[in-house]
1. Residues of the stretch 241-330: accessible area per residue at 1.4 Å, in Å²?
2. Quick one: which of 95/309; 162/277; 45/276; 336/390; 276/309; 277/336 span more than 28 angstrom between C-alpha atoms?
3. Apply the Karplus parameterisation 6.51 cos²θ - 1.76 cosθ + 1.60, with θ equal to phi minus 60°, to every residue of the stretch 160-176 and state each ³J(HN,Hα) to the nearest whole Hz, in sequence, with x for glycine and proline.
4. Report the extension gain between residue 89 and residue 257 in nm, rounded to one decimal, defined as 0.36 nm multiplied by the number of residues separating them, less their alpha carbon distance.
5. Determine the relative contact order of the stretch 231-347: mean sequence separation of Cα pairs under 8 Å and six or more apart, normalised by residue count, in whole percent.
Amino acid sequence: QDLRPDAGSGSFARQKRPAVDVPEILGDARYRLERYNCEDLSVSKFRESIVFGKNPVIISGLAPYMRGGETDPRRFLSIDFLRSQVDPDMEVQVKLHGDMRLGHFFQHLYHELGDEGDRQPAKRAHYKHGQRIDNEAGLYMADISVALNFPWLYDTVVRIPKYFLHCFSHRTRNRSLENIAYLTPSLFVGNAGTFSSLHIDQYSSNFWMFMADGEKLWVTFHPDDVALLNPSRFDEEYQNWRWDESLLQRGEDDLPHALRRLEFVLRDGDLLFIPKKTPHEVYNLTDCCALSGNFFDQSNILDTLAQLKCKVGKLEETLALSAAGRTDTEEGAAQKVQLEKQMSKWREIYESLAEIDWPEVSDDVRHSFGCMEASQNDMVGLFPLHDEIKHSRKTFRKLA
């Protein structure tokens, strides 16, 4: 996945101890988890203030709007709904397992069946830093694009919270931004015990996640404390830090006390906002299903453009080296064609975002865009690009 390449990279063992339930603040009390109710948080306040900050934010009260007023989990986005609706023969990418039929995936996810075949409450998982990881313990369908895999969900259960409907990737002359606009929102569905290893989302993108079913434990670090996390290397092409090991694998003995860190549980119905450049690691405490997205706006567009420009430059260097080598062989010629396609794609993405004189955020909010803020009652919506594909039923099973 171009935006979150490290998502869903392992499993951790289940234990009976309860998970951390209260935010833990270390190093600096100003780095904290902020909480708002959607009824009291306007788009204006979110976009003009909150999105420019460095604190994670949980917004409550959106569940009824995201679920269209439905209360039956078989009729809104949940593990039960997805299993009843998707084509069991369809294959998707499952972390550490490659392509897998959805029928097999959900059979594994429903590992404890009652007499009537209903999913039983899964044991809560507990993590411990430095413990041995069993990478085969669970399955994690992580960061699977809704548009590219389940477009019909836009007609039934997938909506975008109003706080993110202004995303710049949907506002360029290149309508899909070379398919970037189709990558998110995406689904995260997995067993209790699976997790996403320590990473920073690509291209300085901001991130949101709606917890549709289950619970996740989030561990976040202040964006300015990356160096204290001892990254393994700096990826020159993506202009991003990388870690070869998760916090679970490496332990915490080498982490300084001054490191600003939060731990909090994201629960069913919560909406989470994560600011750009935030290192984070995420654990599935229960079998769970979440909807998430990355977005670009005035808060991060300059950083995004700088990283995209570096990526294009690195691809140009690689292409020049390839041209200087042997291209008269079939393999060399194929590699050159692939590099040219990649460079053309990313140059188009960069130029499409860079050529626009984006308005000041106050002007942008005041004049609004699309269905961004028609009224306080319009809590959710769809991007026009996604609205156009919501009638595709290629992977659809009719609701019983």
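1. On the way: 3450 Å² over 90 residues.
For the stretch 241-330, the solvent-accessible area averages 38 Å² per residue.
2. On the way: 95/309 30 Å; 162/277 22 Å; 45/276 18 Å; 336/390 37 Å; 276/309 18 Å; 277/336 32 Å.
Correct reply: 95/309; 336/390; 277/336.
3. 9, x, 4, 5, 10, 6, 9, 3, 5, 5, 9, 10, 10, 5, 8, 4, 9
4. Working: separation 168, 0.36 × 168 = 60.48 nm, distance 4.94 nm.
Contour length minus the Cα-Cα distance gives 55.5 nm.
5. Numbers: 55 pairs, mean separation 31.5, N = 117.
Once normalised by length, the contact order is 27 percent.
The values are calculated or read from the model by the stated rules, or taken from the named source; none is laboratory data. On a predicted model such as this, the values are computed, not experimentally measured, just so you know. Ligands, DNA and RNA are stripped out before the accessible areas are found, and what is left, the full protein with its side chains, is counted by its heavy atoms. Shrake-Rupley method; radii C 1.70, N 1.55, O 1.52, S 1.80 Å.
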